[in-house]
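To start, the structure itself, in structure tokens.
Bear in mind that the values in this text are calculations on the coordinates, not laboratory data. Only a predicted model underlies this, so the values are computations on that prediction, with no experimental measurement involved. Every residue, glycine as well, gets a Cβ built from its backbone with ideal geometry; the counts of neighbours run over all protein chains shown.
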Amino acid sequence: MPPSRLSGPDLAVGLCVLLLGAVVLWQATAIPDSPIYAQVGPKAVPYAVGAGLLALGAGLTLSGLRGGWSWTLEEVREAPPRNLRAFLLLLAGLLVNLVLIVPLGFSLAAAGQFVLVAAAFGSRRTLRDAGLALVLCLAVWFGFVELLGVNIGAGLLEEAVLLALGQEPA
Amino acid sequence: MDAIAGLSLGFSHALTLTNLGWALLGCFLGTAVGVLPGIGPALTIALLLPITFQVPATGAFILFCGVFYGAMYGGSTTSILLNTPGESGSIITALEGAKMARSGRAGPALATAAIGSFVAGTIGTLGISFLGPVVVDVALMLGPAEYCALMVLCFVTVSAVLGGSALRGLTSLFLGLVLGLVGIDLQTGQPRLTFGIPELLDGVNVVLVAVALFAVGETLHLAWRHVEGRQEVRQVGRLMLSRADLRRSVGPWFRGSLLGFPFGVMPAGGTEMPTMLSYYAERKLASPEAQKEFGTTGAIEGVAGPEAANNAAAAGILVPMLTLGLPTSATAAIMLSAFQSYGINPGPLLFEQQADLVWTLIASLYVANLMLVVLNLPLVGLWARILTVPQPQLYAGILVFATIGTYGISNSVTDLVLLYGIGLVGMLMRRFDFPTAPVVIGMILGPMAEQAMRQALTISQGDWTVFVTRPGSLAILLLALAALAGPRLYAAWARRG
Amino acid sequence: MAQVLAGVPRGMRRRGLLGLAALGGTAQAQGAGWPTRPIRVVVPSPPGGPPDLILRVIAPRLQSLLGQPILTENRAGGGGLVGTAYVARLPADGYTWLFTTASHVNIPPFNDNAGYDPVRDFAHVTLAAQNFGQALVVHPALPAQDLAGLLALARQRPGQLTYVNAGNGTASHIPAELLQAMTGTDLLSVPYRGVAEGMTDLLAGRVDLFFVGTQIAVQHVQEGRLRALALTGARRWRGLPAVPTMAEQGLPGFEVVNWFGLWLPAGAPLGMVQQIHAAVAQAVEDPEVRRQFDAQGLEGVAMPPGRFADFVAAQARIAQDIARRVGTKPVP
């Protein structure tokens, strides 16, 4: 049985799609008219895509007002309760990587991410995870640099290890 | 020199101990880099270029061909196991492959991909040996109008991945079209939807979006619904193909290969379109029981077909490079500059001027292909065991893996923000039952179709009839119409009869 | 993998960029003063692209000449804008260099917010290498045997002869715009994603002309599938000795070649700039480097810093003129 009243989350999704369509249309008007010869200008397709999104968004919004579609989804009805702790830990992991990868380099940032993500999925052996992650990430970094000549963001740790190795020439 | 004589000459060179050694090294390196995130055959061959200082041309090209074919084998591995495709040609493989792995059928998925790669590689190499110059002449006849029609045909394939609701599926497709619009408009040089961010001028990378939606989004969703203390233990299951798996794979292998090769030969073809068409075809052709596995537990046809198409297309890319000197992919471009470091200019005269080298190269493709299937089938068991890593470390590893693939090549934090941001969108799409595959399809096809349409119209000086007056274009458009309307008409007819 | 690589000739690992042995030994032998730690060279295009490949040829020599490891960092994006703007904002301490192509000056004028000024934001070290220019090729069905014939045709059919444009500001676009500006003709630009797609349409006769790399064109010209009308360099190229330059055919001063240069952020000490230039000059004289350049249709140059600064300024002005001309073209 469809619920008779509107579905908040589903309505929100519909409105987001409407908003996206509006943003695309707004951005399309901002594309300068090109002086270069063009039969179909650079705006035509963005206008069409924006209009399409508005139509689809309207359809979804309408559906949301009439009870939405989430109630039909088996997965949503039978889903376990949401786990804010795990989700936030994971988000924190992503954030840590974003913030640290430039100042501290790849290995430290990625190891921080690894520990937080593992904790999000219930790992309690944080120290072991950290050790594992550091060794793994450093190994990957060295592999990429030494064998492939591809430098994935060198930072403090990488330079320290490089220097330590440099003192005893192979 | 005809092809048979050429091949026997080629094999007599390729089967020496030194050259077999180069091939083996190439296959090994290729498989390794195919598995590494963000590292493809183009970069690997670029890194190996300095050996052209020391090694004779034959040895170097045998090595490069091994890397090239090896990377194609390795490319599907991460798609299937971790849902993180490494190149755009293996995105479609991830659709069913990752689902098979989740339902304990990683072994058969990897095995069908490996054998499918062998079948496709063999058919592709046969194509290079015997059909090369002929198909290239046909491919040259395809212009922007035909390419535009081809992309219209490919859009039909979206219907195979729309999922339960056309409204939500099409919304996903349009989201992909929006992402495809981001960047500099090729025709006029104007930036579109870049919001003044210079990193967006080159557009959004489709592999990044696929990894974000498939792997990052999925991981976020799992965390959101994570039940403390409950550890899912994944089953590795049987490793080899059962008799039924084999029966179901053979057709897709051959169909995928035959579909993929011509696309590879087309200078603007690429590997993505044939994988989509193959997926569509296999989904429509599958038996009713197999149909139920598509999109749920993972159907083996959906791995075998697209993977074969991908590899046959990749092999086909060598044809325009060897016969016209045209590099139609990054890898071909690097191989071309390798030829040039030996003072050889590939082109129409290559087969006459460098018959020895070319035929040895082709012969070594057969050798590499055989080596690779022998090398890769035993690896299936090893790879599949990755899934037995406990859940926390497995998902943490997948995210680090995705980070390397994104950040490693560009060193761009903007790309990481995109990866995680689109991952969040992917999680919401998962929650609200929006299919993610149409996003990728829209992203790949949208820009190509727009570009081809506008090229065709510029060349025809604005004449829209160009799409129906050119026979090739008209034929493809009619085929698209048939693919769209055909099944419905057939159903209606069947109900009446 | 390390073990497998160990069996491979040294050249392959030469690039293996840390060359750990070099790190310990030579660095200390040099004593105090710059450089005392690894140098990063930012290449604002993907690994495997032309500047990346050229840098990979000379980097090992620079590494041994300067006594410090040289790490390549590929920061692709925005046709080179992202990586270049990044270097422009860094301190001029000599530990971050920029290595890129003529797009350094050719791309910014086509973008409203390029993020850097190609002349003022950099210390100009040297032009390391350059090619012999592009070949102007046409489909044989086009009734033009030489440049004069082509121009006559273009005047007969203004705005109708089509040319392949593989990206604004690239080597296929700049000479076409320069030709139109110098001769007052009007050609129609057809944009392509890359050289291969454009070449396909040219071979099939769907577009009329293309300024394409000489190496890509040479076999098609020899076989008669394409006709080469002119070269855009200052001198003829030995691969196509019968093809005259643009200047020879009545367009004196028409010279467009692709070149590869090295920069530091603005404000770098002159001594450091000269030291790097001297190292590059020595590197491009290395016989192995010369052989490699030669096979790729390049020649080592190592233009001195002062002349290079003037050269960059002049090239930037040409690109700005072209961008202005394109930008003010009336909409048909």
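Descriptive notes on the structure:
- Dimensions in Å of chain C - Rg and Dmax from alpha carbons: 21.3, 69
- Residues of region C:292-307 with amide N under 19 Å of a point placed 7 Å along Cα→Cβ from C:Arg235: C:292-304
- About its Cα centre, chain B has a charge dipole of approximately 1580 debye under the convention of +1 per Lys or Arg Cβ and -1 per Asp or Glu Cβ, with nothing else charged.
- Packing, taken as the mean count of other beta carbons within 10 Å per residue, orders the peptides C:312-321, A:75-84 from highest to lowest as C:312-321, A:75-84.
- Extension gain from B:Ser159 to B:Leu17, taking 0.36 nm per residue of separation minus the Cα-Cα distance: 46.0 nm
- Between C:Thr126 and C:Leu262, the built amide H atoms are under 5 Å apart, and every one of these is 5 or more places off in sequence or on another chain.
- Helix axis angle, C:214-223 relative to chain C longest principal axis, alpha carbon, degrees: 40 degrees
- For the protein assembly as shown, DSSP calls about 65 percent of its internal beta bridges antiparallel.
- Under 5 Å from the amide H of C:Asn165 lie the amide H atoms of C:Val190, C:Tyr192, each residue being 5 or more positions distant or on a separate chain, with H modelled from the backbone and absent for Pro and chain starts.
- Anisotropy class of chain B from Cα gyration tensor, a/c 1.5 cut: rounded
- Test item: B:369-377 mean partner chain Cβ contacts at 10 Å: 0
- C-alpha long axis of helix C:20-29 to longest principal axis of chain C, angle in °: 70 degrees
- Applying the Karplus relation 6.51 cos²θ - 1.76 cosθ + 1.60 with θ = phi - 60° to region A:16-27 yields 3J(HN,Hα) values of 4, 5, 4, 4, 4, x, 5, 4, 4, 5, 4, 5 Hz, where x marks Gly and Pro.
- Rounded FRET efficiency, nearest 0.05, which uses the C-beta distance separating A:Tyr47 from A:Cys16 and R0 of 25 Å: 0.80
- Counting all C-alpha pairs of region A:84-166, share separated by more than 18 Å (%): 44 percent
- Cβ charges +1 (Lys, Arg) and -1 (Asp, Glu), total dipole of chain A, debye: 700 debye
- Shape call, the protein assembly as shown: gyration tensor on alpha carbons, a/c limit 1.5: rounded
- Considering all different alpha carbon pairs of region B:387-473, the Kirkwood hydrodynamic radius works out to 16.9 Å.
- The calculated FRET efficiency for the pair B:Leu246 and A:Val135, based on their C-beta separation and a Förster distance of 35 Å, comes to about 0.30.
- Shape class for region C:128-232, computed from the alpha carbon gyration tensor (a ≥ b ≥ c): rounded, with a/c under 1.5.
- For the protein assembly as shown, lysine pairs separated by 8 or more sequence positions, or belonging to different chains, with Cα-Cα distances below 30 Å total 4.
- At least 30 Å along the helix axis (C-alpha) and Kyte average at least -1.0, DSSP helices within chain B: B:57-82, B:106-130, B:243-265, B:355-384, B:437-459, B:471-496
- Helical contribution to [θ] at 222 nm, DSSP H n ≥ 4, -39,500 (n - 2.57), averaged over chain A, rounded to 500: -22500 deg cm²/dmol
- Shielding by partners, peptide B:426-436 (average Cβ within 10 angstrom, other chains): 3
- The coefficient of translational diffusion for region C:48-169, derived via Stokes-Einstein from the alpha carbon Kirkwood radius under 4 °C and 1.567 mPa s, stands at 73 µm²/s.
- The packing ranking of peptides B:144-152, B:464-472, highest mean first, is B:144-152, B:464-472, where packing means the average number of other beta carbon atoms within 10 angstrom of each residue.
- Near-label residues of region B:370-397 by backbone N, under 17 Å of a point 7 Å along Cα→Cβ of B:Val236: B:376-391, B:394
- Counting only other chain Cβ atoms within 10 Å of each residue's Cβ, the peptide B:177-186 averages 6.
- HN-Hα J in Hz across region C:165-180 - Karplus 6.51, -1.76, 1.60, θ = phi - 60°, x for Gly and Pro: 10, 8, x, 4, x, 8, 5, 8, 9, 4, x, 5, 5, 5, 4, 4
- Under 20 Å from the B:Ala482 label point (7 Å along Cα→beta-carbon), backbone N, region B:269-297: B:274-286
- Derived scalar couplings ³J(HN,Hα) [region A:159-165; Karplus, 6.51 cos²θ - 1.76 cosθ + 1.60; whole Hz; x for Gly, Pro]: 5, 4, 5, 4, 5, 4, 6
- Computed over region B:191-296, the P(r) curve from all C-alpha pair distances, binned at 5 Å from the origin, holds 2, 9, 10, 12, 14, 17, 15, 10, 7, 4, 1, 0 percent per bin.
- Which of A:Leu15, A:Pro46, A:Pro32, positive extreme of dipole for chain A (C-beta unit charges): A:Leu15
- Under 5 Å from the amide H of C:Leu71 lie the amide H atoms of C:Ile39, C:Arg40, C:Val41, each residue being 5 or more positions distant or on a separate chain, with H modelled from the backbone and absent for Pro and chain starts.
- Packing, as the average of other Cβ atoms within 10 Å across residues, places the peptides B:485-495, B:263-273, C:113-123 in the order B:263-273, C:113-123, B:485-495, highest first.
- Relative contact order for region A:8-77, counting Cα pairs under 8 Å that sit 6 or more residues apart, in percent: 50 percent
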